[in-house]
Structures are given as C-alpha cells and as structure tokens.
Amino acid sequence: MAVHTSIQPRQKWWNIAYAGICLVLALWGAYDYWVTIPGKEAAVGAYDAAAKQVEDFEAKAQASQAAPGGAQPLSAEEVAAYTQAKAVVDKGRPTPPAAYDRPVQLWMYMVGCGVMGVPWFLWQWIATARRRYSLEDDGTLVAPEGRFGRTDIADIDMDKWMSKSLATVVLTDGRKLVLDDYKHRDMHLIVGAIASERYPEKWSPEARDLDRVRAEAEAEAAKAGEPAKADPSAGGGTAG
C-alpha cells in the first residue's frame, strides 16, 4: 500500500505558537518604544523642570527676605506654582530609561521578533507542509526533488535515525535526500520500507532497530526467567 506523508501536527502548532510569541514580544517592544520609554522621559523632564522651579522660587524668597525693608513674600500665583512644583519634587526623581532600552526594544523585539521572527516561523510551517513525500506500491520514492525508482536508490544511511529521526537516501547519481520523521508524519513507514528491503536483519518495515527489539525481548525474557522469543518483524512506531 502506498504511503503518503503530511506535516507532523507538532511542527504546525509549534511554529504557529512561536510566531504568536514573537508577535506578542514585538507588540510589547513597540509599546515600550513608543509609549513607556517616552513616558519615563517625560516624567524625568517634568521632575527636572519642577526642581528648577522650586530652586528659583526658594532663591527668590531668600533674596526678598534679605532685601532692605523686610520680607517681600511671593505672589499668590508664585506660591501656588511653588506648592505644585514642590509636590512633584517630594515624590523623588523618576528612574530614567537606560541608554540601551530603545535599541533593545527596536532591534531585539520589533525587528528581531516582529519583522524577522513572525515571518520565519510562519514560513517554516508553510514550507514544511508543502514538502510531501510518498512511496508508491512499486517502491518509487516521490519527493520534492523528483521521482526515484528502486534502481535509483543506492543505499539508505540510518546512522542518525535512532537519535534524530533522520535517514538519508543515497541515490545512484550521488545525490542525497534527507527524510525527517520529526517534521513529516508517517515518514518512518517510508524509511522502514526502504531500510528493511536493503537490511532486513537490521530494520523492520516500521523503521525499528531489530537489534534493539531483540535485546529488549531478551531482557524481558531474562526477567521472566524464560527463553527469549524476539520477533524480527515486530514493529510499530517510529525512531526513539
């Protein structure tokens, strides 16, 4: 029966989730860049202006007291302005934004996460979904790179299969096709069909390592105190 792959659900949802996280971080960076940081700068500016007013009014009052003829109090308007400015100063000087705040919000969040991150993860999802593989009943491998019959396939490298779910088909013309079961659902059936045809004592049609299957069967039998009865055709599931 022919085998057809599709994108692994986890690949789809992880990429969508990462794109969503990047979008949130980009919006957060934009809010800080255009709202939070200017607000902090305005607060610092207001404090500095109020501190200058308090200093000026107090200096004027002291000068009036020292002038001949006695104290010349501040006008009602000046007293009101002084009281308002003093209330601002009494709250303490706000912490100004750091010099690196704007560059970080701009380049890390708005550009890095928003301009680059969101499109990147969405493209990874779309590109992976568009890469489809199939193995036809006659053993023809159909990949984005083309159609390859049994005689076009020289070998299959399974060195990374158990650790990374990656198998490499080596074509007779020297080209190599990487088959990734982590990204493509049912890829293990294609890999298993090719590998078991060439190495029937090593790999099952479901791409299981038969040496491991036999070792596990022997270990279970040893625990039970019975002779091992490993089924070379035992399978089901992918690498790992």
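Where a number appears in this text, it was derived from the coordinates with a stated rule and is not lab data. The structure presented is a predicted model; accordingly, all values stated were derived computationally and were not measured. Don't worry about glycine lacking a Cβ; one is built from the backbone with ideal geometry, like all the others, and counts go over all protein chains shown.
Here are the numbers:
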quantity	calculated
Two-site FRET efficiency, Met108 against Ala51, from Cβ-Cβ distance with R₀ of 25 Å, rounded to 0.05	0.15
Per-residue ³J(HN,Hα) for segment 121-133, Karplus 6.51 cos²θ - 1.76 cosθ + 1.60, θ = phi - 60°, Hz, x for Gly and Pro	5, 5, 5, 4, 5, 5, 5, 5, 5, 7, 7, 10, 10
Cα long-axis angle, helix 210-224 against the chain (0 to 90 degrees, to the nearest 10)	90 degrees
Relative contact order %, the chain, counting alpha carbon pairs below 8 Å whose residues are six or more apart	21 percent
Neighbour-count ranking [beta-carbon atoms within 10 angstrom, fewest first] of Tyr82, Tyr109	Tyr82, Tyr109
Reported label for calculated P(r) over Cα pairs in 5 Å bins from 0, in percent given [x] 1, 5, 11, 12, 13, 13, 12, 11, 9, 6, 4, 1, 0, 0; [y] 1, 6, 13, 18, 20, 18, 13, 8, 3, 1, 0; [z] 1, 6, 9, 9, 8, 7, 6, 6, 6, 5, 5, 4, 4, 3, 3, 3, 3, 3, 3, 2, 1, 1, 0, 0	[z]
Principal-axis tilt of helix 76-90 within the chain, Cα atoms, nearest 10 degrees	30 degrees
Nearest-0.05 FRET efficiency for Arg214 and Leu171, computed from C-beta distance (R0 35 Å)	0.65
Net charge, Ala63 excluded, C-beta distance under 15 Å - Lys, Arg +1, Asp, Glu -1	-3
Residue-count net charge about Ala85 - beta-carbon cut-off 15 Å; Lys, Arg +1, Asp, Glu -1	-2
Summed residue charge, Cβ within 9 Å of Trp161's Cβ, Lys/Arg positive, Asp/Glu negative	-2
Options Ala195, Val111, Ala85, ranked by Cα towards positive dipole end of the chain, top entry (Cβ charges)	Ala85
Added length on full extension, which subtracts the Cα-Cα distance from 0.36 nm per residue, Glu58 to Asp137	18.9 nm
0 to 90° range, to nearest 10: angle between helix 187-198 axis and the chain longest Cα axis	30 degrees
Given the chain, longest segment not containing exposed loop GluC sites (Glu not before Pro) (DSSP; at most 14 other Cβ within 10 Å)	1-135
